[in-house]
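Below is one structure, written out as structure tokens; the observations come after it.
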Amino acid sequence: MKERNFRFRKSFAEVIRVMDDKQAGKFIKAVCDYVFDGRGYDGNDTAIKTAFTLVKVTLDAEKTDRENGRRGGIKSREIRKAQDQKPSVAKVIAGGIMAGEMLKSILESQNEQSDEDDEPTENKFEKGGF
């Protein structure tokens with residue numbers, strides 16, 4: 001497995017309680033060797049071998065769950081990042097309103113200029129238009 005840490009469950013402790021101290025020590029060492037170094041139990045004691053096999057299944061399932069959670073977190077992050085890069089409907093509407101207001105003010109200023117252009121020629125000279 002080669003992990004940095006692992007969860008020691010109550011069920012592991014219950015298995016250790018029924019073993020004598022020598023078996024318990026070998027069992028703990030076997031679990032640590034598996035988790036930290038990826039080595040399985042290769043001893044002859046059937047009690048330790050049986051307990052180790054059951055614990056190994058649990059540890060492997062936890063590792064799979066962690067890996068799947070990590071993959072799901074990465075996928076979720078990618079989705080959130082993609083959504084943040086897309087303009088939201090609110091931003092588009094707000095941008096449209098701002099653009100509409102700007103366009104309206106430009107058209108109004110052009111209308112005011114065209115109204116001034118429609119004045120008689122003598123008024124243009126008086127205002128300094130030419």
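Both radii were evaluated on the Cα set of the range 21-73; the Rg over Rh quotient, with Rh as the Kirkwood radius, amounts to 1.09. For the range 30-92, the share of accessible area belonging to carbon and sulfur comes to 54 percent (1.4 Å probe, ligands and nucleic acids excluded). Counted residue by residue at 0.36 nm each, then reduced by the alpha carbon distance between them, the extension gain from ASN44 to ASP60 reaches 3.5 nm.
The values are calculated or read from the model by the stated rules, or taken from the named source; none is laboratory data. Here the structure is a predicted model, which is why all the values come from computation and not from measurement. In case anyone asks, the SASA skips ligands and DNA or RNA and just uses the protein heavy atoms, side chains included. Shrake-Rupley method; radii C 1.70, N 1.55, O 1.52, S 1.80 Å.
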